């Protein structure tokens, strides 16, 4: 039974991804057939090929921008807004998480890289339920479970950093909110797991791994695998958090 479930289980979510992409493709198909094709019909063959390429590229971006609206709409309709949870990966709450993940990933891997960082990506994350403060900068697409992520004003998430509000523990699926306080910085390629709370103006340096349920107090600098509080040479604390020279660890 478990083997059968493992084989058939992904099918509904693949169908959901196809449905979201298919609905979004309606816009570029209409645009190409009704707008671009008639305009190209009388074009000399020398110009038709490069112009057709430009039309296809424009149609692709029309698909992506449409998907940024379609995926959050389907997420809302199919109950993908998440609540904190700890339990079996086969349950109603877990089902909602799979819906949320599916609609997050189809956008991430088919279009989101082209509009990150920008107001388009932040609009998408907000529609998916993420709370984003003023002047926040999200330079990564590796954002999982956006409906349980809360980032404050002036937060910076560095390139390729991962922020995810879930993890597995002892055979259970755990879905836990992530909060990044105002002015916090998550450095390049750092990883922040579910249940983490990063205080105001705290920094997680590049390449660090913050374990689940870690609390980082305001103003502190953390680094390493797993991340721990560190001290920096005098004057280095003003860096943007993406880099930093380690001096000595606290012995507290």
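The values are calculated or read from the model by the stated rules, or taken from the named source; none is laboratory data. This structure is a prediction, so every number in the text was calculated from the model and none was measured. Reconstructed Cβ throughout: ideal geometry from the backbone, glycine too, with neighbour counts over all protein chains shown.
Observations on the model:
- Residue that is nearest to the chain's Cα centre (by Cα), among those in region 174-208 that are within 12 Å of residue 152 (Cα to Cα) and in a strand (DSSP E or B): 178
- Residue among 96, 86 that alone is closer than 28 Å to residue 12 by Cα, crowded, with 18+ Cβ neighbours inside 10 Å, modelled with pLDDT under 95 and out of contact with any helix residue (DSSP H, G or I) (no Cβ under 7 Å at 6 or more places or on another chain): 96
- Residue within region 64-84 that is farther than 18 Å from residue 105 by Cα and touching a strand residue (DSSP E or B) at 6+ places or on another chain (Cβ under 9 Å) present: yes
- Filter result for residue 192 (closer than 17 Å to residue 126 by Cβ, surrounded by 18 or more Cβ atoms within 10 Å (Cβ to Cβ) and at pLDDT 95 or above): no
- Residue in region 39-60 that is modelled with pLDDT of 90 or more, over 21 Å from residue 16 (Cβ atoms), within 21 Å of the chain's Cα centre (by Cα) and surrounded by 13 or more Cβ atoms within 10 Å (Cβ to Cβ) present: yes
- Boolean, residue 86 is farther than 22 Å from residue 116 by Cβ and not in a loop (DSSP other than H, G, I, E, B): yes
- Single residue of region 131-174 satisfying the filter (under 22 Å from residue 211 (Cβ atoms) and touching a helix residue (DSSP H, G or I) at 6+ places or on another chain (Cβ under 6 Å)) that is surrounded by the fewest Cβ atoms within 10 Å (Cβ to Cβ): 173
- Flag for residue 106 being at pLDDT below 95, out of contact with any strand residue (DSSP E or B) (no Cβ under 9 Å at 6 or more places or on another chain), surrounded by 19 or more Cβ atoms within 10 Å (Cβ to Cβ) and not in a loop (DSSP other than H, G, I, E, B): no
- No other residue among 127, 112 is surrounded by fewer than 22 Cβ atoms within 10 Å (Cβ to Cβ) and more than 16 Å from residue 175 (Cβ to Cβ) apart from 127.
- Filter pass, residue 230 being in contact with a strand residue (DSSP E or B) (Cβ under 6 Å, 6 or more places away or on another chain), farther than 21 Å from residue 117 by Cβ and not in a strand (DSSP E or B): no
- Residue 92 over 14 Å from residue 18 (Cα atoms) and free of Cβ contacts under 8 Å to residues at least 12 places away in the same chain: yes
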